[in-house]
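Just below is one structure, and these are the notes that go with it.
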Amino acid sequence: MKFTRTQSLHGEITIPGDKSISHRAVMFGSLAEGTTEVTGFLRGADCLSTIDCFRRLGISIEDKGEQILIHGKGLHGLSAPDQILDAGNSGTTTRLISGILSGQTFETTLTGDASIQKRPMGRIMEPLSQMGASITSLSGNGCAPLRIDGRPLHGIHYTTRVASAQVKSSILLAGLYADAPTSVTEPALSRNHSELMLNFFGAEVKTEDTTATIQPEPKLAGQKVQVPGDISSAAYFIAAGCITPDSEILIKNVGTNPTRDGILRVCEMMNADVTRLHENADSGEPTADLLVRTSSLKGCTIEGALIPTLIDELPVIAVMACFAEGTTVIRDAAELKVKESDRIAVMTENLTAMGARVTATYDGMIIEGGHTLHGAVIDSHLDHRIAMSFAIAALNADGETEIQGADCVNISYPEFYRDLLKIQK
Ligand code: S3P
């Protein structure tokens, strides 16, 4: 797909449903008794993989257009699938479902696409094994395909090496089936959607500092879930509004859970013109509309506990940094290397191809802003967040940019190019 410079961006975008919350609504709805009605569900390929896996585990899930209906069968209602489960490109599906499958009375094989088969699963295999599950990497390299033999599980207290909501949630979900409470302590707080939604469904999850504790064997009941818009999808329009001349964009329905809103704090540090409007906290997951205008950005340092609150936004923040005055330093973000692609290497390679001054470090990037970007051929490495980040860069670069594998945006934001085109003036 090809892009050239845009003059300005104007208009309104309504952000599609949050990917993390959509996955969890399907999973917890499946484990609840009765029907769960999900509005605002994200129909991205990753969340459709979750639906497919739970259908194969015997759950009836209806797509009614406006709503997804999940006819849950309770904590012990899943049945053995007659095929290998396929999580596609989705790390969240793979890691969270592994926790659930560890507590079943049957054996499952779980795989995914080429990217998933390279992503580290040792980080869940170790704690789930400590709980008593039998979980094996069939290739022997700590990656999927995984064979998971459900066993009676024990409650543990586990300290994770990285702040990862996928790891934390995997352990907490196994904890639903344990013989005693299960706790997870992380080095910094990762997104807490599992904790909030499990409590909403009737589980007992308590959080103190960076430790979450779940009580076993709750009775989960079907609920109505309203999924807010995904701040990770809004991020592309936040960046675009800031770096494109003469622009003003109203971004509607953005989830602003404090464990996810790091990009808004970075916007403050970078002097971005972003205003929160219509803040609403009625549904347990706060939302706001964001008014974004062309900004004179300044470089900043992004590190420490802020990193897990914006981990998926770092590719597009790196693009913003190219348009800022001064240097931006991103550190403590080695996790970027084990996402859908090695995002430190891929961002550095592609931004450099466009004329940016970027140095990759072992846990981040150093970006010297203020150098005009030019068009280039960009390899997305089939990573949705790379494709979307470079579409934003390309609208603000001289000449033509070609993004290879641009369709991978289907993973998290199928209407991305349509929405982007809508606001180009
Ligand atoms: C996710 C957690 C994050 C994030 C991913 C979705 C989730 O991964 O990068 O896109 O839904 O829990 P980690 O928590 O493993 O960093």
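The values are calculated or read from the model by the stated rules, or taken from the named source; none is laboratory data. Predicted, not measured: the structure shown is a model, and the values here were computed from it. Ideal geometry is used to build each Cβ from the backbone, glycine not excepted, and the neighbour counts take in all protein chains shown. Side chains included, ligands, DNA and RNA excluded: accessible areas come from the protein's heavy atoms. Shrake-Rupley method; radii C 1.70, N 1.55, O 1.52, S 1.80 Å.
Figures for the structure shown
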| quantity | calculated |
| --- | --- |
| Residue match in segment 313-334 (condition: within 16 Å of the ligand (Cβ to nearest atom) and polar (S, T, N, Q)) | no |
| Single unsatisfied condition, Ser190 versus (1) touching a residue at least 40 places away in the same chain (Cβ under 8 Å); (2) more than 16 Å from the ligand (Cβ to nearest atom); (3) among the polar types (S, T, N, Q) | (2) |
| Residue within segment 45-62 that is among the polar types (S, T, N, Q), closer than 19 Å to Ser232 by Cβ and either open to solvent by 10 Å² or more (accessible area, probe 1.4 Å) or assigned by TED's automatic domain parsing to the domain that holds Ser247 (or both) present | yes |
| Members of segment 393-411 that are open to solvent by less than 10 Å² (accessible area, probe 1.4 Å) and touching a residue at least 40 places away in the same chain (Cβ under 8 Å) | Ala393, Ala394, Leu395, Asn396, Ala397, Thr401, Ile403, Ala406 |
| Number of the condition not met by Thr6 [criteria: (1) open to solvent by 30 Å² or more (accessible area, probe 1.4 Å); (2) not assigned by TED's automatic domain parsing to the domain that holds Leu196; (3) not small (Gly, Ala, Ser)] | (1) |
| Out of Arg95, Arg123, sole residue that is within 16 Å of the ligand (Cβ to nearest atom), assigned to a helix (DSSP H, G or I) and open to solvent by 20 Å² or more (accessible area, probe 1.4 Å) | Arg123 |
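Each row is one residue, and each column tells you yes or no for (1) in a loop (DSSP other than H, G, I, E, B); (2) free of Cβ contacts under 8 Å to residues at least 40 places away in the same chain; (3) open to solvent by less than 60 Å² (accessible area, probe 1.4 Å).
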site: Val358; (1), (2), (3): no, no, yes
site: Thr372; (1), (2), (3): yes, yes, no
site: Ile378; (1), (2), (3): no, yes, yes
site: Met388; (1), (2), (3): no, no, yes
site: Ala391; (1), (2), (3): no, no, yes
site: Pro414; (1), (2), (3): yes, no, yes
